[in-house]
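Below is one structure, written out as structure tokens; comments come after it.
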Amino acid sequence: MTGHARDLNLLRLPTLDGLRAVDAAERLGSFERAGAALAVTASAVAKRVAAVEDLLGTPLFVRGGAGLQPTPACLDYLPPVRAALALLAQMPQHQRAQARTQRLRISAPPTFARLVLVPALEDFSRAHPGIDVEVVLSIPFLDNPAHSAASADVAVRHGDAADLGGTVLMHDGVLPVAAPALLQRLGTLHTPADLGRAPLLRTPVEPWAPWFAVAGLAWPEPDAGPLLVDLGLVLEAALGGQGVALARPALARRWLADGSLVPLFPHLLARPAHQYLHLPVAPGGAAADFARWLAGVSQAAMDAGLAALRR
């Protein structure tokens, strides 16, 4: 027996089913969803994960009421595991003729995904029938962008392109918007200074300071009222008449067009530093095709938002 053969005999390797279970459980956040993806029961996934944990001698997930949370050991272990699984999946001998569909994992913030990406997704699927798209959400300021971006084929982020090295998808401005019912209660807002008698909706994703500066207001960032860590929640609160929101026309285009939200001082558009952008992808292939398609969808959303402002 050669030395190499003896070394292989000493290895304790997990099963492929176990590795696939760990991968699916981390991606999908629960044994139930992982089981559905792998066409097995949640109990089977849990047992396969436990077998891998026993072999490694360390837990890979924290089980709790908030769902599965990967441990640092899991996050260290998965990148080479996924690389190995990807290599095996690329071998023609392992592919069934009827199951050669390519899968793309897209990570995006909730509001961008809900208001820009998903409404247009059918167009991409129709043009690329051999590609299945999986959309997962990344929460600005709450999740780990490096981790979620690393596990995605195309990652959309709300951030600074200079810092993140991405390509800007949406570079529209921001301006105050409000529901007609709120404006009826407040009375006419003639000048930006009149916002001093209006409740201002707050979010760290879109601070008010840049717009205050454009409007010539030497006001500090608002520090009273609910703080919503999601642009979609801010728009929902504005639609409910809870306050004035700082909004991007591309995201609010539907409500601006039908009058559910009224733009205030549309001639005062601030250009925030943080934009929606996608991180670089390898040239060519399905991910690059999706990135190009998404750039066109984002531009169309910006055009529609500006058109809604002109109505």
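A few points about this structure:
- Candidate set from the stretch 271-299 (those that are hydrophobic (A, V, I, L, M, F, W, C) and free of Cβ contacts under 8 Å to residues at least 12 places away in the same chain); member that is nearest to ARG126 (Cα to Cα): ALA288
- Residues satisfying the stated conditions in the stretch 159-184, i.e. assigned to a loop (DSSP other than H, G, I, E, B), within 24 Å of TRP255 (Cα to Cα) and not acidic (Asp, Glu): HIS171, GLY173, ALA179
- Taken over the stretch 17-37, the criterion of being modelled with pLDDT under 90 and either over 24 Å from the mean Cα position of the chain (by Cα) or farther than 21 Å from LEU75 by Cβ (or both) is satisfied by GLU32, GLY35, ALA36.
- The set of residues in the stretch 1-16 that are at pLDDT 85 or above and part of a helix (DSSP H, G or I) contains only LEU16.
- Contacts under 7 angstrom Cβ, first residue in the stretch 68-79 being at pLDDT below 90, partner among the aliphatic types (A, V, I, L, M) and surrounded by fewer than 19 Cβ atoms within 10 Å (Cβ to Cβ), 6 or more apart: GLN69/VAL62
- Answer residue from the stretch 194-224, given it is aliphatic (A, V, I, L, M), in contact with a Phe, Trp or Tyr (Cβ under 9 Å, 6 or more places away or on another chain) and not in a loop (DSSP other than H, G, I, E, B) and is farthest from ARG157 (Cα to Cα) among those: LEU195
- Note on the stretch 225-267: residues that are out of contact with any Phe, Trp or Tyr (no Cβ under 7 Å at 6 or more places or on another chain), farther than 20 Å from VAL297 by Cα, touching a residue at least 12 places away in the same chain (Cβ under 8 Å) and assigned to a loop (DSSP other than H, G, I, E, B) amount to 13.
The values are calculated or read from the model by the stated rules, or taken from the named source; none is laboratory data. Nothing here was measured: the structure is a model prediction, and the numbers come from that model. Cβ sites come from the backbone with ideal geometry, for glycine too, and all protein chains shown count toward neighbours.
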